[in-house]
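The values are calculated or read from the model by the stated rules, or taken from the named source; none is laboratory data. Please read these numbers as outputs of a predicted model, since none were measured by experiment. Counting neighbours? That spans all protein chains shown, and the Cβs are built from the backbone with ideal geometry, glycine included. Protein only, heavy atoms only, side chains kept; ligands, DNA and RNA dropped before computing areas. Shrake-Rupley method; radii C 1.70, N 1.55, O 1.52, S 1.80 Å.
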Amino acid sequence: MKEIIITTIAVTAISAVFAFLLTLADRTIGDYGEVKLLINNDKEFTVRGGSSLLSTLIDEKIFIPSACGGKGTCGYCKVKVHSGGGPVLPTETPFLTEKELKSDVRLSCQCKVKQEISIEIPEELFNVKEYIATVEEMENMTDVIKRLKLKLPEGEEISFKPGQFIQLMAPIYDGNDEEVYRAYSIASSAADKTHIELFIGYVPGGKATTYVHQHLKVGDEVRINGPYGHFYYQDDNDREMILVAVGTGIAPIFSILNHMKEENIQRKARFYFGAKTPSDLFLLDYFKDLEDTLYDFKFIPTLSRVTEGHNWDGERGRVNNALDKYLTDTEHKEAYLCGNPPMIQSVMESLKAKGLKDELIYFDEF
Ligand SMILES: Cc1cc2nc3c(=O)[nH]c(=O)nc-3n(C[C@H](O)[C@H](O)[C@H](O)COP(=O)(O)OP(=O)(O)OC[C@H]3O[C@@H](n4cnc5c(N)ncnc54)[C@H](O)[C@@H]3O)c2cc1C
Ligand code: FES
């Protein structure tokens, strides 16, 4: 027994010494000087080594999607690192599939730039721009969701596909000691290239949402970059659209429906919007009016925690219940889902059980 305790203490001590030496080495040798960064075998940059690939790219004004601010918890910041990235770290592997590992995919927030490095990123990321926007309007949609209308600087425009998102930077403020970037879906119409509207839900203790809900005011400037994302309106077909959202997941759906209205798109669509109580619903009249203006559109709001005291004669239960009731088949249909992961998971299962193929289900989960 005594031997086991001594061995355990010895192993722990040796590990601690190693960890200390590694940290020390990284700090002292950590000055990697200037190194070459080659992107897509085409663009070459001389950068200062020592930072993560993600922040090195940001310094060069190349923005990679990241929803967790580089903490290694969202898995959004994937890029291909063909050489110079060092071994894949244990913090990356949970986010990488076998196929991705084989094709050099890495999490750019975890991979450090220490030597000449060659990477590959989608060309569209070169179109991602940074803007210093001004808060033009701010409005409470519910007790916990604010609508923000941001105006881009004079003469600047953003082109995005309905459904895509931007990243907003929350600066250092009392209670937050670091700048953080968070993803927010664009709610406004893609036709307005000089403004961006967002619906931002309050997360208690959340860095970005506390900033937006408690510090940001009309007239303030905010740093945003974008657009990003593979969740957007598919304009290459005329399939009926099954739209499903809960909470702030309504934002990209709002943008998609605005686009269909403005472009007078002749396409059938059904929108299932889930909330808990009547006070969590917003834009009800707007979506009801769309039933008259859009080609063939039905809005189906459903409440999961409605009681007798609530004045509600609409659908009850989760969005899945409404889908079960109204969606009879999935023939010539495609689905757009946006909301929290459990909702996405269960709606996906329902849709697949009704015969909808994986590749016809588009989703953004947050
Ligand atoms: C593609 C994409 C689009 C998004 N679009 C929107 C949008 O349109 N509107 C919107 O409001 N948000 C959206 N989000 C979520 C947003 O990016 C932030 O994650 C969210 O606002 C919380 O940020 P925070 O800095 O306030 O919280 P953090 O400081 O990141 O988190 C604080 C704590 O709260 C937890 N937490 C984080 N989010 C939630 C949550 N939703 N519920 C409960 N606990 C949580 C964290 O795990 C952490 O413990 C989107 C995310 C992605 C990936
Ligand atoms: S930025 Fe979130 S995992 Fe890298």
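Structural remarks
- Pairs of Cα atoms farther than 26 Å apart, the stretch 150-294, %: 30
- Positive end of the dipole of the chain (Cβ unit charges, origin at the Cα centre): among Gly314, Ala133, Phe254, the Cα lying farthest that way belongs to Gly314.
- For the chain, accessible area per residue (1.4 Å probe, heavy atoms of protein chains only), Å²: 52
- A simple count of charges around Cys109, restricted to other residues whose Cβ falls under 13 Å of its Cβ and scoring Lys, Arg +1 and Asp, Glu -1, yields +3.
- Near the amide H of Lys268, within less than 5 Å, lie the amide hydrogens of Met241, all on another chain or at least 5 residues away, with H placed in the peptide plane.
- Computed over protein heavy atoms with a 1.4 Å probe, the carbon and sulfur contribution to the accessible area of the chain reaches 51%.
- Between the Cα long axis of helix 250-262 and the first principal axis of the chain there is an angle of about 50°, rounded to the nearest 10.
- Local electrostatic count at His332 - Lys and Arg +1, Asp and Glu -1, tallied over other residues with Cβ under 15 Å: -1
- C-alpha center-to-center spacing [the stretch 297-366, the stretch 99-130] in angstrom: 35
- Sorting the segments 156-162, 252-258 by their mean number of nearby beta carbons within 10 angstrom, highest to lowest, gives 252-258, 156-162.
- When only alpha carbons of the stretch 267-327 are considered, Rg and Dmax amount to 11.8, 38 Å.
- Listed by chain and number, the aspartates and glutamates whose alpha-carbon sits under 17 Å from that of Lys151, ignoring those within fewer than 8 places in the same chain, are Glu130, Glu136, Glu137, Glu139, Asp192, Glu197, Asp220, Glu221.
- By the Kirkwood approach, averaging reciprocal distances over each pair of separate Cα atoms, the stretch 189-246 gets a hydrodynamic radius of 15.0 Å.
- Taking a Cβ cut-off of under 15 Å around Ile132, the surrounding Lys, Arg, Asp and Glu residues balance to a net charge of -4, with basic ones at +1 and acidic ones at -1.
- Cα-Cα pairs of the stretch 68-146 separated by more than 20 Å (percent): 49
- The stretch 274-366 - Debye-derived log10 I(q)/I(0), Cα point model, q = 0.11, 0.12, 0.23 Å⁻¹: -0.36, -0.42, -1.33
- Here the Karplus curve 6.51 cos²θ - 1.76 cosθ + 1.60, taken at θ = phi - 60°, turns the phi angles of the stretch 349-361 into couplings of 4, 4, 5, 5, 5, 8, x, 7, 6, 3, 6, 9, 10 Hz, with x standing for Gly and Pro.
- Segments 268-275, 301-308 sorted - mean Cβ within 10 Å per residue, highest first: 268-275, 301-308
- For the stretch 42-114, the spherically averaged projection of the C-alpha convex hull amounts to 4.8 nm².
- Per residue, the Cα convex hull of the stretch 152-210 amounts to 85 Å³.
- Antiparallel %, DSSP beta bridges [both residues in the chain], to 5: 60
- Cα convex hull volume per residue for the chain (Å³): 211
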